[in-house]
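Below you'll find the structure, written out as structure tokens, and then a few comments.
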């Protein structure tokens, strides 16, 4: 029998072909997974950025639309009352 012509060599060739096919399928699937992750991360980043921008715009619009704080107005100061006990006690705190 000559080398490379037996049924064992054909079996090895089929096994090698099957391994190569499976390897190509795995690498193709893995590359697809990587590109999907990159796409998903880009979409998530854009959506997250839009949410942040929306929150900032919402707060700005809310601040512009709401009524401002009322400004303080001048009120008259009450006149000091006279001490009702001033007749009973002298300024030093002793009785008269």
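Go through (1) 8.7; (2) 8.1; (3) 19.9 and flag the label whose value is the computed mean projected area of the Cα convex hull in nm² for this structure. The value matching this structure is (3).
Please build a GNM for the chain, connecting alpha carbons under 10 Å apart, and tell me which residue among 71, 18, 31 fluctuates the most. Its mean-square fluctuation being the largest, the pick is 71.
For the chain, the longest principal axis of the Cα atoms and the long axis of helix 7-65 meet at an angle of about 20 degrees.
Just so you know, all these numbers are worked out from the coordinates, no wet-lab data involved. Note that the structure is a prediction, hence the values are computed from the model and not measured.
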